[in-house]
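We did not get these values from a lab; they are worked out from the coordinates using the rules stated. None of the values given here were measured: they were computed from a predicted structure. Heads up, the Cβs are rebuilt from the backbone with ideal geometry, glycines too, and the neighbour counts pull from every protein chain shown.
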Amino acid sequence: MAGITIVLDFDKTIIDVDSDNWVVDELGATDLFNELLPTMPWNTMMDRMMKELHAQGKTIEDVKEVLRRIPIHPRIVPTIKTAHALGIVSDANLFFIEKIVEHLGIKDYFSEINTNPGYVDEEGRLRISPFVDFHTSPHGCSLCPPNMCKGMIISRIQADLAKKEWKQRIIYLGDGIGDFCPSLKLREADFMMPRKDFPVWGLICENRTLLRAEIHEWIDGEDMEKIVIKLIEKIKIQDLLEVDSFKIETVPIALQPVKVHQ
Ligand SMILES: [Mg+2]
Ligand SMILES: [Zn+2]
């Protein structure tokens, strides 16, 4: 029997937009954002944007209100509810993600959320810091932004899964450039689901031979649901066939048709 762990990116994978851009745009700070963007790393800039918005009188309640309105495809929440072990790997921040998944009623479905720390300080300003402190301990991966290497996180998840009794398989879903590095860490028995026509899909199309995992592209939430369910069933059938072929070696019985329940 295999265990299945589904690892999802957050922005433009679980939700339909980028949460950072959404908050900045909805709070009317797009011009300042565009001005600052070329001058510092994205993650550092989001902390700075929160400082500017706070100075303009935008409260943490204003931020929460904007997060509650974030667009999400109607099939994503049901998909998450049908899946097994789930984790998030995201370059957004913990405050945004927690508020959104709490609001959607799916927080308890995730066994882990790997993202940049975010907390509200005593002045009511959201502080965002890097997942990896790139001044003291840089991750050294040239594919990833300085504050986060998602490949490093996947390697850690793989090491944790290796301690389990059953064989473990990963289904990874993502859309962005940052999802390319983790896709290279996946193994033959794993599945990579890049969002079609998004940056990681382009990178995978150009570098297909570098990936060991089976690749299944998806378009939107409806498509994602269908493919995730199909892959879970496929894994279950492969499991049963493996068990049966083991039986055949020891006891000569015919293969029975296999019924798979979700
Ligand atoms: Mg994304
Ligand atoms: Zn990396």
How tilted is helix 94-104 with respect to the longest principal axis of the chain? Cα atoms for both, answer in degrees (0 to 90, nearest 10).
60 degrees
Rounded to 10°, Cα long-axis angle of helix 42-55 versus longest principal axis of the chain
40 degrees
In a Gaussian network model over the chain where Cα atoms closer than 10 Å are linked, find which of H135, H73, H54 has the largest mean-square fluctuation.
H135
Summed residue charge, Cβ within 9 Å of R127's Cβ, Lys/Arg positive, Asp/Glu negative:
0
What are the extents of the Cα atoms of the chain along their three principal axes, in Å, largest first?
76, 36, 33
GNM on the chain, C-alpha springs below 10 Å: top fluctuator among P74, P117, P199?
P74
What ranking do 171-180, 58-67, 13-22 get when scored by the average of other Cβ atoms within 10 Å per residue, highest first?
171-180, 13-22, 58-67
One point scatterer per Cα, no solvent, Debye formula: log10 I(q)/I(0) for region 1-80 at q = 0.11 Å⁻¹ comes out as -0.38
Cα-centre dipole for region 38-152 with unit charges at Cβ (Lys and Arg positive, Asp and Glu negative), debye to 20:
400 debye
Helix 150-161: inclination vs the chain longest Cα principal axis, degrees, rounded to 10, gives 40 degrees
Set Lys and Arg Cβ to +1 and Asp and Glu Cβ to -1, take the dipole of the chain about its Cα centre, and tell me which of H84, P130, L27 lies farthest positive.
H84
For q = 0.19, 0.26 Å⁻¹, Debye-computed log10 I/I(0) when each Cα of region 98-141 counts as one equal scatterer:
-0.80, -0.96
Expected vector for region 10-27, Karplus 3J(HN,Hα) from phi with 6.51, -1.76, 1.60 and θ = phi - 60°, integer Hz, x for Gly and Pro, equals 9, 5, 6, 10, 6, 8, 8, 10, 8, 5, 4, 4, 4, 5, 4, 5, 5, 8
Helical contribution to [θ] at 222 nm, DSSP H n ≥ 4, -39,500 (n - 2.57), averaged over the chain, rounded to 500:
-13000 deg cm²/dmol
